[in-house]
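One structure is given below, encoded as structure tokens.
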Amino acid sequence: MLHKSKVSAKDKLKTIRKYLAGKIGQRAAARELEVSLASIQRWIKQYEAEGEAAFLPYEKNRTYTAEVKTKAVLSYLNGEGSLLDVCKNYKIRSPR
């Protein structure tokens, strides 16, 4: 079964691109799509890491090797960036 978002990929792309072009702020983007500020921030990071592919529907959750997980945890514990930065570097979709 496909994971379905309340906001379409087209609307996410349009709004995130407006933000990145400096036309609107993050809070305005959140209001425009009626989502939380945290969602906008997460989508920006995903777009920066994966481009348009970040918003394509997917059929199942991604899996990560033990090696990738270990490297990501050690990177975070060594202070090599925020949780979101580490997730971006290791192409981990969600820090949750």
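The values are calculated or read from the model by the stated rules, or taken from the named source; none is laboratory data. All values derive from a computational prediction rather than experimental measurement. We place every Cβ from the backbone using ideal geometry, glycine too, and count neighbours over all the protein chains shown.
Against the list (1) in a loop (DSSP other than H, G, I, E, B); (2) exposed (fewer than 14 other Cβ atoms within 10 Å of the Cβ); (3) out of contact with any Leu (no Cβ under 8 Å at 6 or more places or on another chain), the condition R93 fails is (2). So which residues in the stretch 58-87 are surrounded by fewer than 17 Cβ atoms within 10 Å (Cβ to Cβ) and touching a Lys or Arg at 6+ places or on another chain (Cβ under 7 Å)? The answer is R62, and nothing else.
Within the stretch 14-24, is even one residue outside the structural domain of R93 (by TED's automatic domain parsing), surrounded by 14 or more Cβ atoms within 10 Å (Cβ to Cβ), closer than 16 Å to R93 by Cβ and touching a residue at least 12 places away in the same chain (Cβ under 8 Å)? Checked against the condition, which is being outside the structural domain of R93 (by TED's automatic domain parsing), surrounded by 14 or more Cβ atoms within 10 Å (Cβ to Cβ), closer than 16 Å to R93 by Cβ and touching a residue at least 12 places away in the same chain (Cβ under 8 Å), the stretch 14-24 yields at least one hit.
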